[in-house]
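Undergrad: Please find one structure pasted underneath; my questions will follow.
The values are calculated or read from the model by the stated rules, or taken from the named source; none is laboratory data. None of the values given here were measured: they were computed from a predicted structure. Neighbour counts are summed over all protein chains in view; Cβ atoms, including those assigned to glycine, are modelled from backbone coordinates with ideal geometry. For the accessible areas, the whole protein counts, side chains as well, though only heavy atoms, and no ligand, DNA or RNA atoms are used. Shrake-Rupley method; radii C 1.70, N 1.55, O 1.52, S 1.80 Å.
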Amino acid sequence: MRKRYWKQVITAILAAGAVLSLTACGGSGPELNDGTFKPMEEAQLQFPQPEGTTLTALISYPANTEAEPNNRTIFRRLEEETNIHIEWNAIPNNQWGEKIQTIMADPGSLTDFIFTAGFGENDLLRFAEQKVIIPLEEYIDAYMPNLKAVFDKYPEYRKMTTAADGHIYSLPWIEQLGADKTAIQTVGNMSFINKKWLDDLGLEIPETVEEFEAVLIAFRDNAAKLREDFGIEGDIIPMSCIVNDGDQDPSILINSFGEGYGDPDRGRHIAVTDDREVVFTAAMEGFKEGMKWLHSLAEQGLIDPECYTHEWSQYVAKGKAHRYGVFFSWDPANIDNLEDFVPLPPLEKDGQRIFTPQNGSFTSGYDRGRCVVTAAAQQPALVCAWLDQMYDPFQSPQNNWGTYGEDDEFDIFVLGKNEAGEDMLQHAPLGNASPVEVREAEAVGGPLAILDEYYGVYVTCPDDAQYRLDWIEEYFTPYMTRNYVYPNVFMSQEDVKQLSDLQADIEKTVRARKAEWIRDGGIDEQWDEYLKSLDAYGLQDYLALFQKYLDAYFAD
């Protein structure tokens, strides 16, 4: 269940864009909504609409999949059910970041809504200030009963979606799978080890740092045997990864080093102590020790030498050729196969075994800026009422994963019945198909909410999610000794800007040094200078901003 596609967070978008003047152009261009609440009669918002209505929207889609959204079964059914036709402007996701900049800068290019916006805090606040997107809280309360029910039951999601000025500028994506320390998002870059190779060499799953290193050495020294025994073409690679690439990064291995925080937040490098103090993990002794150890593995030829540069497609190609002893990802089926690989538990170091969950994970999957309604919408109440259908408990799972009754060879779901005899989406077996490829072919993403209580009522839990939840509970949850993760907070525009400016230099420094230290070593000699550079880039101000919002979160 790879999360790379739908979880597209566009940060610092339009950094060089000028503030828009929506009243300029001598009256030319579309009439734009000023954001004032525009009520409609309930009778006008009933579905199906008595007369066909057309709305316009922007959407991204995975390259090499269906390019016309209305050819997807999900949208065809929605049009039949609502009698609303959506005129889509569909952009391949590998072009989205560039093209959305131009569109948002030109009021004449705006559609009624942006279905897969993926906007970050800075984007939402900037576009709200420029009045190209509109506040939605009144529409949610008046015309979006499905989303309002989610907010009422889980008020933390409303809180996380509300800006400091009290407005809600976007519609979120929410996916609950497990809860708290067993939530599926607590572990991203899970490490998987080749059980077939272990068995062939008479080895056990390693439990300690030392045992793990010994296993990698055994893979390296028995490469000829492994190639012959399993008919592998190409070099044996004891361990592969993509350094600095989210779920493919190897940082999960260093959790138990030093203070035992590892580096779970690979974009911001922060964690929260049991005293509710924000710390910078990439400046801790545990990080330093972990980088030294990873370099020692690289120096021994145990890490893929292409791990600093190769793309996702190359990483997968080598995996599908069965050349890896250990790799990192969200799901092993996306890289090699599920049968031959098992999760590697957190490694023990000097008698310590700790695992730090990912930040934000205790409230499950959440994307604040998934969808926005723009100032081009002349009937925002109707737009919101249509978008609220995405939050229907029977619709959300389809948007997230796929649907039933497709004309091709794949079906994510079959339509079955729950214990009460009502329709329920039942996950179909995927066979040898990659979960991400099947989902990308069928799903549409966008705003949605899947709650834990939906499983067994509206939908079954996906097989790949269930085995991942089982792994987390068995291998990782017992070692999650920390009480807190950094929550999803919505900062003010001023603080978002300051944080973005600080993070640019800090993150660039960490990423560059991390790759260098794993590949070339030298961390002992460069460590003090590295810490000084972080301070010069404003690390203390960076931490203070995070601390400010953490304190406010727990004060409420």
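Undergrad: Could you tell me whether any residue of segment 410-418 is more than 30 Å from SER191 (Cβ to Cβ), out of contact with any Pro (no Cβ under 8 Å at 6 or more places or on another chain), outside any helix (DSSP H, G or I) and β-branched (Val, Ile, Thr)?
TA: Scanning segment 410-418 turns up at least one residue that is more than 30 Å from SER191 (Cβ to Cβ), out of contact with any Pro (no Cβ under 8 Å at 6 or more places or on another chain), outside any helix (DSSP H, G or I) and β-branched (Val, Ile, Thr).
Undergrad: What number of residues in segment 335-346 are touching a helix residue (DSSP H, G or I) at 6+ places or on another chain (Cβ under 7 Å) and surrounded by fewer than 24 Cβ atoms within 10 Å (Cβ to Cβ)?
TA: First pass over segment 335-346, keeping only residues touching a helix residue (DSSP H, G or I) at 6+ places or on another chain (Cβ under 7 Å): 335-336, 338, 340-343, 345-346.
With the extra rule that they be surrounded by fewer than 24 Cβ atoms within 10 Å (Cβ to Cβ), the set shrinks to 336, 338, 340, 342-343, 345.
The total comes to 6.
Undergrad: Pick out, from segment 454-556, the helices (runs of 4 or more DSSP H) lying fully within it that include 1 or more residues that are touching a Pro at 6+ places or on another chain (Cβ under 7 Å). Write out each step before concluding.
TA: Working: elements: 463-471, 493-520, 523-536, 539-555.
Passing ranges, in order: 463-471, 539-555.
Undergrad: Among the residues of segment 227-251 satisfying the criterion of being within 14 Å of LYS514 (Cα to Cα), in a helix (DSSP H, G or I) and of a type outside the set (S, T, N, Q), which is most open to solvent (accessible area, probe 1.4 Å)?
TA: Step one: filter segment 227-251 for residues within 14 Å of LYS514 (Cα to Cα), giving 241-246, 249-251.
Now restrict to residues that are in a helix (DSSP H, G or I): 246, 250-251.
Checking which are of a type outside the set (S, T, N, Q) leaves us with 246, 250.
Working: GLY246: 33, PRO250: 3 Å².
Per the criteria, the residue is GLY246.
Undergrad: Can you tell me which residue in segment 400-409 is surrounded by the fewest Cβ atoms within 10 Å (Cβ to Cβ), limited to those that are part of a loop (DSSP other than H, G, I, E, B) and modelled with pLDDT of 80 or more? Let's see the steps before the verdict.
TA: Initially, segment 400-409 is screened for residues part of a loop (DSSP other than H, G, I, E, B), giving 402-409.
Subsequent filtering for residues that are modelled with pLDDT of 80 or more retains 402-406.
Values: GLY402: 27, THR403: 22, TYR404: 17, GLY405: 10, GLU406: 17.
Per the stated criteria, the residue is GLY405.
Undergrad: Give me the residue from segment 348-386 that is open to solvent by 10 Å² or more (accessible area, probe 1.4 Å) and of a type in the set (A, V, I, L, M) and, out of that set, nearest to ASN400 (Cα to Cα).
TA: Filtering first and then ranking leaves ALA376.
Undergrad: Among the listed residues LYS288, LYS318, which satisfies the condition of being over 21 Å from LEU347 (Cβ atoms) and surrounded by 19 or more Cβ atoms within 10 Å (Cβ to Cβ)?
TA: On the way: LYS288 fails: over 21 Å from LEU347 (Cβ atoms).
Being over 21 Å from LEU347 (Cβ atoms) and surrounded by 19 or more Cβ atoms within 10 Å (Cβ to Cβ) holds for just one of LYS288, LYS318, which is LYS318.
Undergrad: VAL459 is checked against (1) open to solvent by 10 Å² or more (accessible area, probe 1.4 Å); (2) of a type in the set (A, V, I, L, M); (3) at pLDDT 95 or above and fails just one. What number does that condition carry?
TA: (1)
Undergrad: I need the full set of residues from segment 414-456 which are among the basic types (Lys, Arg) and open to solvent by 40 Å² or more (accessible area, probe 1.4 Å), in order please. Even if it seems obvious, please write down each step before you answer.
TA: The initial filter retains those residues of segment 414-456 that are among the basic types (Lys, Arg), namely 417, 439.
Answer for segment 414-456, where residues must be among the basic types (Lys, Arg) and open to solvent by 40 Å² or more (accessible area, probe 1.4 Å): just LYS417.
Undergrad: For the subset of segment 316-364 comprising residues that are aromatic (Phe, Trp, Tyr) and closer than 19 Å to GLY178 by Cβ, which member is farthest from the chain's Cα centre (by Cα)? I'd like the intermediate steps shown before the answer.
TA: Start the filter on segment 316-364 by keeping residues that are aromatic (Phe, Trp, Tyr), which leaves 324, 327-328, 330, 341, 355, 362.
Okay, now just the ones that are also closer than 19 Å to GLY178 by Cβ, so 330, 355, 362.
On the way: TRP330: 10, PHE355: 20, PHE362: 14 Å.
It comes out as PHE355.
Undergrad: Within the bounds of segment 393-408, is there any residue that is within 21 Å of TYR139 (Cα to Cα) and not small (Gly, Ala, Ser)?
TA: We begin by selecting, within segment 393-408, every residue within 21 Å of TYR139 (Cα to Cα); these are 393, 395-396.
Remaining after also requiring not small (Gly, Ala, Ser): 393, 395.
Yes, because at least one residue in segment 393-408 is within 21 Å of TYR139 (Cα to Cα) and not small (Gly, Ala, Ser).
Undergrad: Now for a separate question. Restricting the search to segment 129-155, which residues are under 14 Å from ILE168 (Cβ atoms) and modelled with pLDDT under 95?
TA: PRO155
Undergrad: Scan segment 481-499 residue by residue and report those that are in contact (Cβ under 8 Å) with a residue 12 or more places away in the chain and open to solvent by 40 Å² or more (accessible area, probe 1.4 Å). Before the answer, list the steps.
TA: Filtering segment 481-499 down to residues in contact (Cβ under 8 Å) with a residue 12 or more places away in the chain leaves 481-493, 495-499.
THR481, ASN483, TYR484, ASN488, GLN493, LYS497, GLN498 - these are the residues of segment 481-499 that are in contact (Cβ under 8 Å) with a residue 12 or more places away in the chain and open to solvent by 40 Å² or more (accessible area, probe 1.4 Å).
Undergrad: Can you name the residue in segment 291-315 that is crowded, with 17+ Cβ neighbours inside 10 Å and of a type in the set (Ser, Thr, Tyr) and is also nearest to TYR467 (Cα to Cα) among such residues?
TA: Here the answer is TYR315.
Undergrad: Let me ask something additional. Can you tell me which of THR111, THR65 is surrounded by 14 or more Cβ atoms within 10 Å (Cβ to Cβ), at pLDDT 95 or above and out of contact with any His (no Cβ under 8 Å at 6 or more places or on another chain)? Walk me through how you get there before you give the answer.
TA: Numbers: THR65 fails: at pLDDT 95 or above.
After ruling out the rest, the residue left standing is THR111.
Undergrad: Filter segment 78-128 for residues that are charged (D, E, K, R) and in a helix (DSSP H, G or I) and give the result.
TA: Taking segment 78-128 and keeping what is charged (D, E, K, R), we get 79-81, 87, 98-99, 106, 112, 121, 123, 126.
Result: GLU79, GLU80, GLU81, GLU98, LYS99, GLU121, ASP123, ARG126.
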